[in-house]
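Undergrad: This structure is in structure tokens; I'll ask about it shortly.
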Amino acid sequence: MNLKKYFVRALHRLQKGPGYTYKELLVWYCDNTNTHGPKRIIKEGPKKKLIWFFLTLLFASLVFWQWGILINTYLSYNVTSSLSIGFKTMKFPAVTVCNANPFKYSEVKHLLKELDRLIEAALERILQPTPGNGSENISPPLDLELWHQIPLVLIDEHDKDNPIILDIFESNQGAAGNQSTAGNETTAGNETAVGNQMACSHQGSDNCTYRNFTSAAQAVTEWYILQSTSILSKVPLQERIRMGYQAEDMILACLYGAEPCNYKNFTQIYHPDHGNCYIFNWGMDEEALNSSNPGAEFGLKLILDISQQDYIPYLSSAAGARLMLHQQKSFPFLKDQGIYAMAGTETSIGVLVDELERMGYPYSDCTMNGSDVPVKNLYSQYNTSYSIQACLRSCFQNHMIEICGCGHYMFPLPEGVNYCNNEDNPGWAYCYSSLRSSIRHRQICIDSCKETCNDTQYKMTISMADWPSEASEDWIFHILSYERDMSTNVTLDRNGIIKLNIYFQEYNYRTISESAATTIVWLLSSLGGQFGFWMGGSVLCLIEFGEIIIDSLWITIINMIGWCKGLKQKRAQARYPDAPPTVSELVEAHTNLGFQHEDGGALPRDEALPPEPGTPPPNYDSLRVRPLDVLGPDSDAE
């Protein structure tokens with residue numbers, strides 16, 4: 001079957017209307033469509049036809065404009081938050097308790113001896129900045145190697161354009177300079193920055209960064225933490241655990257609901273900020289505990305001893321216990337989310353639960369378990385679940401290793417990397433300070449890490465009272481001292497004892513969940529509403545519009561086939577410019593060629609003589625033509 005005829009028949013089957021041109025098709029559509037407006041264009045007079053054409057074009061434009069707004073709103077994937085309140089038996093949260101002081105001073109004093117002598121001498125120079133208080137007058141002499149790596153300096157800012165920087169232990173500077181700086185500090189302390197921490201890329205370099213502190217107390221604490229970090233990073237982990245507070249010494253009493261417990265019910269982890277920490281109901285080795293009832297009588301009761309008399313004087317300026325409530329199998333980030341419990345008090349913590357349910361992609365960039373986060377979670381070595389705090393710290397540690405060549409003591413290490421220290425990495429403090437203040441690296445980590453889609457938050461209501469009371473402190477301290485030390489003497493006092501009560505205030509929990517603000521049902525109904533309002537159309541009208549598009553495509557295909565065939569004919573005519581002979585002309589030429597006189601003239605048909613025997617037949621090769629030449633390129637003969 002001819003290809004053109006096939007497409008024509010197909011067009012008839014689909015269209016069943018008049019027209020093989022775009023104009024005829026358009027007129028047929030306007031006459032048969034159920035959409036208001038197009039019919040009036042072809043049925044009204046010239047003036048009204050123009051008005052209806054303008055109105056139809058205007059309202060069709062409004063429909064497409066509204067559709068664009070609706071589709072853009074749907075693709076923005078907005079969410080709405082809903083709050084629901086439920087009641088159920090809930091799992092008791094994991095409770096992490098730590099001492100505010102990470103190590104016993106009696107255990108680490110030998111490691112921090114030179115550091116303590118340096119800070120004591122520096123405090124004397126800050127408090128009494130007079131000539132003659134240099135390090136050369138101290139016996140035995142100070143080891144200034146630690147000091148020169150990250151010194152504390154005084155900055156005289158009377159002249160804002162030319163500030164004077166004075167190393168506290170600088171002995172080469174003239175007495176006049178010392179007196180001038182000291183005098184400025186004491187008489188105009190607000191214009192002299194006392195105790196500024198300076199970190200340089202290497203010793204003797206001018207490439208240094210300064211951290212200005214408004215108080216020498218802040219500067220001394222930060223400087224001591226930085227220096228002790230370098231020292232303790234070289235101590236093996238098991239040795240650091242041994243130097244911290246042990247569970248049997250710290251946890252004196254435990255009661256969960258009506259069931260007694262002890263330090264063996266806690267899981268020990270080492271936390272760089274707080275040393276040995278102990279987690280109750282972590283859910284790692286056994287099922288998490290459920291709370292049988294709300295109220296203080298059904299919660300967790302603890303009595304802790306923080307041994308404040310054994311605190312490191314320059315490392316921990318706050319005394320108490322650091323605690324945090326968190327989900328099972330999650331790592332406790334006490335520095336960010338923990339709270340303090342003060343010594344000599346009974347602290348009651350009432351807990352309310354908020355469950356957060358976020359929608360995932362494409363509504364938000366949250367993650368279910370961190371598997372789609374490009375940052376390697378260094379806290380996975382604890383077998384804990386993903387959290388954004390773990391991701392941010394892992395990201396910072398990865399940048400620290402990549403840029404500085406070593407890891408920071410406060411974060412976990414990947415395999416094959418060592419912690420930074422002053423001996424192996426002299427410029428690590430400068431690198432760390434630059435990295436910590438870098439907004440670009442901070443933003444990289446924020447962009448790389450994701451919030452968890454499901455989270456549980458514990459809202460705490462805290463109240464405190466003195467404990468024990470003056471009337472009962474004697475017998476309580478006697479009993480607790482005997483139970484811990486097997487001594488009849490009182491070894492505990494109010495400065496080291498803390499009592500904690502942690503319980504659910506009620507079993508009502510709040511669920512804050514997200515839902516899609518726009519759905520596909522909303523989109524379709526909105527699109528249909530706009531189309532019906534402006535054009536009086538429906539889904540069937542859209543199908544009609546789709547039908548005319550298909551018909552237009554068929555007409556386009558037919559026109560393309562005709563154009564290609566016409567092009568082929570033009571090429572054939574260019575190859576054979578003369579018109580091909582007809583069949584009758586060929587037959588006549590063939591007949592006349594066989595009947596000729598001897599002199600070359602044609603003989604009449606009845607006078608033609610038969611050829612003599614042995615005479616070769618005439619040459620007809622020149623008259624032979626191909627079938628295409630006979631029939632012609634455009635012949636419809638079969």
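Undergrad: What percentage of the solvent-accessible surface of segment 516-576, computed with a 1.4 Å probe over protein heavy atoms, is contributed by carbon and sulfur atoms?
TA: Exposed carbon and sulfur together represent 72 percent of the surface.
Undergrad: Do any trypsin sites (Lys or Arg not before Pro) in segment 33-130 lie in a DSSP loop with no more than 16 other beta carbon atoms within 10 Å, and if so, which?
TA: Sparse-neighbourhood loop trypsin sites (Lys or Arg not before Pro): Lys88, Lys109.
Undergrad: Please label the shape of segment 367-451 as rounded, prolate or oblate, based on the square roots a ≥ b ≥ c of the eigenvalues of the alpha-carbon gyration tensor (a/c under 1.5 means rounded; beyond that, a/b larger than b/c means prolate, else oblate).
TA: oblate
Undergrad: On to the next question. May I ask you to derive the relative contact order of segment 444-540, considering only C-alpha pairs under 8 Å and at least 6 residues apart, and to give it as an integer percent?
TA: Relative contact order for segment 444-540 comes out at 12 percent.
Undergrad: Here is a follow-up. Per residue, what accessible area does segment 367-451 have, given a 1.4 Å probe and all protein chains present, in Å²?
TA: With all protein chains present, segment 367-451 gives 50 Å² per residue.
Undergrad: Then there's this: Of all accessible surface on segment 367-451 at a 1.4 Å probe, what whole percent is carbon and sulfur?
TA: Roughly 49 percent, rounded to a whole number.
Undergrad: So, one more: For a 26 Å ceiling on Cα separation, which of these pairs sit above it: Lys23/Lys565; Lys450/Lys499; Lys113/Lys264; Lys113/Lys376?
TA: Checking Cα-Cα distances, Lys450/Lys499; Lys113/Lys264; Lys113/Lys376 exceed 26 Å.
Undergrad: Put +1 on the Cβ of every Lys and Arg and -1 on every Asp and Glu Cβ in segment 367-451; which of Asn398, Ile439, Asn421 then has its Cα farthest towards the positive end of the dipole?
TA: Farthest along the dipole direction, towards plus: Ile439.
The values are calculated or read from the model by the stated rules, or taken from the named source; none is laboratory data. The model shown is predicted, which means the values in this text are computed figures rather than measured ones. Heads up, the Cβs are rebuilt from the backbone with ideal geometry, glycines too, and the neighbour counts pull from every protein chain shown. Surface areas here come from the heavy atoms of the whole protein model, side chains and all, with no ligands, DNA or RNA. Shrake-Rupley method; radii C 1.70, N 1.55, O 1.52, S 1.80 Å.
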